[in-house]
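Student: Take this structure first; my questions come after.
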Amino acid sequence: MIATIFRRALYSLPIALAVSLFCFLLVHIAPGDPINAILPPDAPADVVAQVKEAYGLDKPLPVQFGIWLFRVLHGDLGRSLATGRDIWPDLHSALANTLVLAAAAAMIGFPLGTMFGSIAGAFRGSWIDRAAVVLAVAGVSVPHYWLGMVMVVIFSVLLNWLPSMGASPDGSGVWALDWGHLSHIVLPAITLSVIPMGIVTRTLRGIVGDILNQDFITTLRGKGLRRGGLIAHVVKNAAPQALAVMGLQLGYLMGGSILVETVFAWPGTGLLLNNAIFQRDIPVLQATILVLSMFFVGLNLAVDLAQALLDPRMRR
Amino acid sequence: MSNLVHVRDLTVKFVSRDRTVHAVNGVDFDLDQGEVLCILGESGSGKSVTLRALMRLNPPTRTVMTGTLNVGGQDIITASDREIESIRGRSVAMVFQEPMTALDPVFTIGQQIRETVIRHEGVSKADAHKRALELLDLVQIPSAERRLAAYPHELSGGLRQRAMIAIALSCRPKLLLADEPTTALDATVQIQILLLLRRLQRELGMGVIFVTHDLGVAGEIADRIAVMYAGRFVEEGAVREVMRHAKHPYTQGLLGATVHEGMRGKRLTTIIGSPPNLANLPTGCAFAPRCPSADAACLEAVPGLDGAFGAHRARCIHQPAEAMA
Amino acid sequence: MSTTRPEGYWSGVFKRLKRDKLTLICSGILLLMLIVMIAAPLIAPHSPYQGSMIRRLKPIGFPGYPLGTDELGRDMIARLIYGGRLSWTLGISPVVIAFTIGGMLGIIAGYAGGWLGMLIMRVTDIFYAFPSVLLAVAISGALGAGIFNAVLALTLVFIPPIIRVAESVTTSVRVLDYVESARASGAGAFTIVRVHVLPNVLGPIFVYATNLISVSMILASGLSFLGLGTKPPEPEWGLMLNTLRTAIYNQPLIAMLPGVCIFITSICFNMVSDGLRSAMDVRN
Amino acid sequence: MTLAPIPDRGGPAQPLLLVKDLSKHFGKSGSVVRAVDGVSFAIRKGETLGIVGESGCGKSTTSRLIMGLIDPTAGEVIFDGEHVGPGGLSVAEFRRQVQMVFQDSYASLNPRLTISESIGFAPRVHGLSREATNARVRDLLAAVGLEPDQFAQRYPHELSGGQRQRVNIARALALRPRLIILDEPVSALDKSVEAQVLNLLVDLKAEFGLSYLFISHDLNVVQYISDRVLVMYLGRVAEIGPVDDLYAHPSHPYTRALLASRPSMDPDHRRTTPPLTGDPPNPVNVPSGCRFHPRCAQVMPKCSAAEPEMVKINADHQAACFLAETVPA
């Protein structure tokens, strides 16, 4: 088992390295001299020279990558062009807010998707199944940024029940668990939960349907097991795959919340990214994407390990 | 009515939106306690469906059953789901063809035996575990304690099938149903499983219904053989009678087509054509289109089984001269 | 056995599709939208660009402007029709390009295997380490706004998943006995791929790609919504949704219209893709 | 181009196919699967050589190695006196002379091609004109007992298993090969259809002057169709000999066990004890010495120490067992 963990962790190392290479190159695919992507256009000449030296911009690309990676590994993600401040503290609080939002959306989307999907899979061809399929297709087809606006129109503009912007009543970027903050998270969380709900519904419908079609289900029925006994078998067989899908979806929620955060002005990584794009603040863009994708790589590894833990056939 | 199994005019249909498949079309037989009946037939003959009907294991939403079907005094067709569930695995148990897919891959062998015992006898987990150990011993699986903790994929094909049999025997059933249990196994393993089943049947005094396509396997284990074609028994009788003095042209054809020792250099007799479409059966004898001795009379009505129950009888109006296989 | 006329694979697929009403309705809607967009100059009552300060944000049903006007007083019908042209192009072209490139690479990886297949698949793995929205935003964010950059970014997002599907389908076909038997007949790799592999793998890859169109429509409009795709004053559904955000207090219904168009397109492509999949499934 | 039958070269005494020390090891160091390990045999002109063995014995891998569908780890294939490979008979030319029929009749046919296109594929690849190919396809369909007008334009899913296997045989014949490798060709068929296909194979062999390599797990079928039989166990040859001699006087304990495992077909003389216990072992960890020794009833101390050489029992019959003795002719 320990060997498995070690081997899989080892396999994600080159991936992590390649991901950081991609993020490093983002600065270089941006049009113009990379120095202009790192420094404001009005930076004095000596600062330009100093930064060129520090980043090794006059050296060949592989060396530059080495220097950049070294800095990143030591926690130096660079400075923002727009504010001139260190990126990490801002990114840190934004990351926390995104995590809160993603977790809230997952807590809505996953259980609902699991419920709809399992019921649909268990009763293939029934009206419940058809309703769940329509719901799932609608969930994955809806432009969620538009859905966010619809929610705002209905619940904020027309009914005036819930706030439409920000993460907290006082406008600060720090989230806490109380009613004021909760009311702010309701609309963005519901909006964000629609896609994972659709996907989890679809996947679980497939998984449960497939399991119920397997020969061993006939064996179990032949042993006289009642519904409760059967459910235990279905759950244990479905768990590894279901977990994998949910893990990936959690990652997509983290990385994909940019549109919803923009609609609701939620002070997370998405909003940070949006502002960075708007101000062409490439260092912030780079740092945010690096951190989010590293998170995703780690999540993938965790999902892999959890799967191996749950499925005896994958332990090797 | 003291038979363990009593079946009269059993039909099983699978109904879907597009078509109706007549899988079983009037099967009659009795089985006594301690008797072994082999249902012999080719793919699509309805032999597995008949077997599953005895436990009502065919897909519940699409299956329509009619006739009389009585197992251990319980009417299977009219019983409630709850009654069926308490019969399954307790008084009637089944062994399947492919143990790899018939066992749950993410539960250990031990868990899969214990849950059956606990389900039907409500014993403690420790007692169920003790029973599981005894059962592995009974089916001759060595180092039982270790094997109980193993998952199906960790066992060889032969051990998996033994584990499957242990599960089936876990509540000492009166009737064991076996659906081609040796077909997926290697030759040297097949004979081990056959001999094991024969010994267990004798020791436990079970009635056994054994479905196979292999005449040789039937010859090793059966007391009686029923030959099935297009959802009907076309011939039924004691194993020696059927194998040596087959009455029905289909059985004779099957015997002639089965390759065995001493046939080298001879031309094999074959049955021309292929089996009928079960969604669209002919009105008369279903075998008539392939039968060498068929005539117009064969197409008029389905021939009945001649003779009394338990006797050697065939569903043919011509009953051609007895032929040696 | 009856002597029915032999039936090819595709005629069977079409026969099954004809029975699937939902798929037919959705294809009909998509076809109708396509015709309207192609015939835009003939159908649109006004120019999509010409605005007027005195006609700003007129409600639905306003005389001469059945769907009202936007925040610059431009006719919503014209902008929605012309916007569809751009949105569809932005949504569909990345999938088409990715289908071509990714399909080719995936089939090569699946059929050739070896170091080449390994290389292709490992590079694909790297792209899988990014959530798709993030990847699209990262690439087009670094490249800057513009239609070309948005299409490029989305193409890069869709190539890896298509490669994976193409590779796995090809690998499963390659080991089938009929391909082995074609190899045993002495045919060259190119002939085998053309006659035996392509006809059996293109269908599933194509179905998967149609499924991606729905995602691509949402992402493409999303990029424009973020200001990364089209630039004003070009009409594009995502961009329109963004600029109309200011109007959600006084004309909420008009502000929602572009999103409705994206939603309908996306859901129809999804339904058609599902319908195709089950029609092409031989098990049915 | 006419794709005429290829004339014989070395005369009747020269074996049609000679396999020398063929090996295939899968996997990397640490867990090597020795699927085929030093297998040698000959197929004579006009004969049927049967290969029997249980799952994992390497019989299917052997057939794929001969066909060149997988690359051997070691060994050589000689066809009619000529080495197959660089410097000898080209693989393309070899494949014109050797063809294969697989077990799964459905997976063996491209679902998108008509029967006629499937059979005509190989001749077209080898440059036969469209007209000549069509004529040949019709001849072949007739030869395997399928009415050309009725079947040529059909698709595989419209045919029964037996009909599909006839099509596969026709396809294997399309290049006028001299040797056909049949890998479990009747195992997936019902008994009544199996007999039809076996009769057909016997007829075609005479009609086209073929030799067969017939692979099966079914001892009865192999006995029926073969002239000589080769028994494989865990990637090695256990015994090889003329069918009557081998079935009547098996010299290897494994062959004896295999033969004794067959159902008796006589309810009055049923088997009473299983000839072997346990399953065939996994080829990942092969036992030392004689690979059969852990299951062998007559095991001796030296069996686990050294691997037995092939012992000549008589002119044509050999077994790899220390207990096998030469019988004076």
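The values are calculated or read from the model by the stated rules, or taken from the named source; none is laboratory data. Since the model is a prediction, treat every value here as computed from it, not as a measurement. So basically every Cβ, Gly included, is an ideal-geometry build from the backbone, and we count neighbours across all protein chains shown. Note: accessible area is taken over every heavy atom of the protein model, side chains too, but ligands, DNA and RNA are not part of it. Shrake-Rupley method; radii C 1.70, N 1.55, O 1.52, S 1.80 Å.
Student: So residue C:60 ticks every box in (1) open to solvent by less than 50 Å² (accessible area, probe 1.4 Å); (2) in contact (Cβ under 8 Å) with a residue 24 or more places away in the chain; (3) among the aliphatic types (A, V, I, L, M) but one. Which box is left unticked?
Tutor: Only one criterion is unmet by residue C:60, namely (1).
Student: I'd like to check something: does segment A:177-191 contain any residue that is within 14 Å of chain C (Cβ to nearest Cβ) and surrounded by 18 or more Cβ atoms within 10 Å (Cβ to Cβ)?
Tutor: Yes, because at least one residue in segment A:177-191 is within 14 Å of chain C (Cβ to nearest Cβ) and surrounded by 18 or more Cβ atoms within 10 Å (Cβ to Cβ).
Student: Kindly indicate which of A:272, A:248, A:259 is assigned by TED's automatic domain parsing to the domain that holds residue A:297, open to solvent by 10 Å² or more (accessible area, probe 1.4 Å), touching a residue at least 60 places away in the same chain (Cβ under 8 Å) and closer than 28 Å to residue A:102 by Cβ.
Tutor: A:272
Student: Just for segment A:279-302: of the residues that are assigned to a helix (DSSP H, G or I) and among the polar types (S, T, N, Q), which one is surrounded by the most Cβ atoms within 10 Å (Cβ to Cβ)?
Tutor: A:288
Student: Suppose we filter segment C:235-259 for residues that are at the interface with chain A (Cβ under 8 Å from one of its Cβ atoms), closer than 15 Å to residue C:79 by Cβ and aliphatic (A, V, I, L, M); how many remain?
Tutor: Number of matching residues: 3.
Student: Next question, about the same structure. What tally of residues in segment D:184-208 results from selecting those that are of a type outside the set (D, E, K, R) and not in a helix (DSSP H, G or I)?
Tutor: Number of matching residues: 5.
Student: So for segment C:110-118 (the condition being within 26 Å of residue D:96 (Cα to Cα), assigned to a helix (DSSP H, G or I) and open to solvent by 10 Å² or more (accessible area, probe 1.4 Å)), does at least one residue qualify?
Tutor: Yes, there is a match, as at least one residue in segment C:110-118 is within 26 Å of residue D:96 (Cα to Cα), assigned to a helix (DSSP H, G or I) and open to solvent by 10 Å² or more (accessible area, probe 1.4 Å).
Student: From the list B:191, B:167, which residue is at the interface with another protein chain (Cβ under 8 Å from one of its Cβ atoms) and touching a residue at least 40 places away in the same chain (Cβ under 8 Å)?
Tutor: Of B:191, B:167, the one residue that is at the interface with another protein chain (Cβ under 8 Å from one of its Cβ atoms) and touching a residue at least 40 places away in the same chain (Cβ under 8 Å) is B:167.
Student: If you check residue C:212 against the conditions, is it open to solvent by 10 Å² or more (accessible area, probe 1.4 Å), under 25 Å from residue C:163 (Cα atoms) and either touching a His at 6+ places or on another chain (Cβ under 8 Å) or part of a helix (DSSP H, G or I) (or both)?
Tutor: So residue C:212 fits the description; yes.
Student: Tell me which of these residue A:305 doesn't satisfy, since it passes every other one: (1) open to solvent by less than 20 Å² (accessible area, probe 1.4 Å); (2) out of contact with any Cys (no Cβ under 6 Å at 6 or more places or on another chain); (3) within 26 Å of residue A:200 (Cβ to Cβ).
Tutor: Single failed check for residue A:305: (1).
Student: Can I ask one more? Tell me, yes or no, whether segment D:85-107 has at least one residue that is at pLDDT below 90, more than 12 Å from chain C (Cβ to nearest Cβ) and out of contact with any strand residue (DSSP E or B) (no Cβ under 9 Å at 6 or more places or on another chain).
Tutor: Yes, some residue in segment D:85-107 is at pLDDT below 90, more than 12 Å from chain C (Cβ to nearest Cβ) and out of contact with any strand residue (DSSP E or B) (no Cβ under 9 Å at 6 or more places or on another chain).
Okay, residues lined up against (1) open to solvent by 50 Å² or more (accessible area, probe 1.4 Å); (2) under 20 Å from residue C:257 (Cα atoms); (3) acidic (Asp, Glu):
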position	(1), (2), (3)
A:127	yes, no, no
A:138	no, yes, no
A:142	no, yes, no
A:145	no, yes, no
A:150	no, yes, no
A:155	yes, yes, no
A:162	no, no, no
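Student: Find the helices (runs of 4 or more DSSP H) located wholly in segment A:159-278 whose residues include 1 or more that are under 17 Å from the mean Cα position of the chain (by Cα), and list them.
Tutor: Once the helices (runs of 4 or more DSSP H) in segment A:159-278 are filtered for at least 1 residues that are under 17 Å from the mean Cα position of the chain (by Cα), what remains is A:179-212, A:227-256, A:258-264, A:269-278.
Student: Out of D:193, D:197, D:186, D:202, which single residue is within 21 Å of residue D:246 (Cβ to Cβ) and in contact (Cβ under 8 Å) with a residue 24 or more places away in the chain?
Tutor: D:186
Student: Can you tell me which residue among D:3, D:18 is touching a Phe, Trp or Tyr at 6+ places or on another chain (Cβ under 9 Å), surrounded by 15 or more Cβ atoms within 10 Å (Cβ to Cβ) and either at negative phi or in contact (Cβ under 8 Å) with a residue 40 or more places away in the chain (or both)?
Tutor: D:18
Student: Quick check on this structure: which one of D:217, D:249 is open to solvent by 40 Å² or more (accessible area, probe 1.4 Å) and more than 11 Å from chain B (Cβ to nearest Cβ)?
Tutor: Result: D:249 is the single residue among D:217, D:249 that is open to solvent by 40 Å² or more (accessible area, probe 1.4 Å) and more than 11 Å from chain B (Cβ to nearest Cβ).
Student: Give, as residue ranges, the helices (runs of 4 or more DSSP H) completely inside segment B:68-138 that count at least 3 residues that are surrounded by fewer than 17 Cβ atoms within 10 Å (Cβ to Cβ).
Tutor: Once the helices (runs of 4 or more DSSP H) in segment B:68-138 are filtered for at least 3 residues that are surrounded by fewer than 17 Cβ atoms within 10 Å (Cβ to Cβ), what remains is B:81-87, B:125-138.
Student: Here's another thing I want to ask about it. Give segment D:28-59 a look and list any residue that's under 23 Å from residue D:290 (Cβ atoms) and not in a strand (DSSP E or B), or say none.
Tutor: Selection gives D:31, D:32, D:53, D:54, D:55, D:56, D:57, D:58, D:59.
Student: Give the residue that is farthest from the chain's Cα centre (by Cα), with candidates limited to residues of segment C:194-232 that are free of Cβ contacts under 8 Å to residues at least 40 places away in the same chain and under 27 Å from residue C:146 (Cα atoms).
Tutor: The selected residue is C:232.
Student: Moving on. Can you name every residue in segment A:221-232 that is closer than 18 Å to residue B:53 by Cα and either more than 7 Å from chain B (Cβ to nearest Cβ) or basic (Lys, Arg) (or both)?
Tutor: A:221, A:223, listed by residue number.
Student: If the Cβ limit is 6 Å and pairs must be 6+ apart or interchain, which residue in segment D:45-65 that is open to solvent by 30 Å² or more (accessible area, probe 1.4 Å) pairs with which residue that is of a type outside the set (Val, Ile, Thr) and assigned to a loop (DSSP other than H, G, I, E, B)?
Tutor: Listed pairs, sorted by first residue: D:45/D:12; D:45/D:16; D:55/B:186; D:56/D:280; D:56/D:283.
Student: Those residues that are surrounded by fewer than 21 Cβ atoms within 10 Å (Cβ to Cβ) and more than 7 Å from every other protein chain (Cβ to nearest Cβ), I need them from segment D:190-200; list them, please.
Tutor: D:200
Student: Evaluate segment D:142-150: report whether one residue or more is touching a Ser or Thr at 6+ places or on another chain (Cβ under 8 Å), touching a residue at least 24 places away in the same chain (Cβ under 8 Å) and of a type outside the set (Lys, Arg).
Tutor: no
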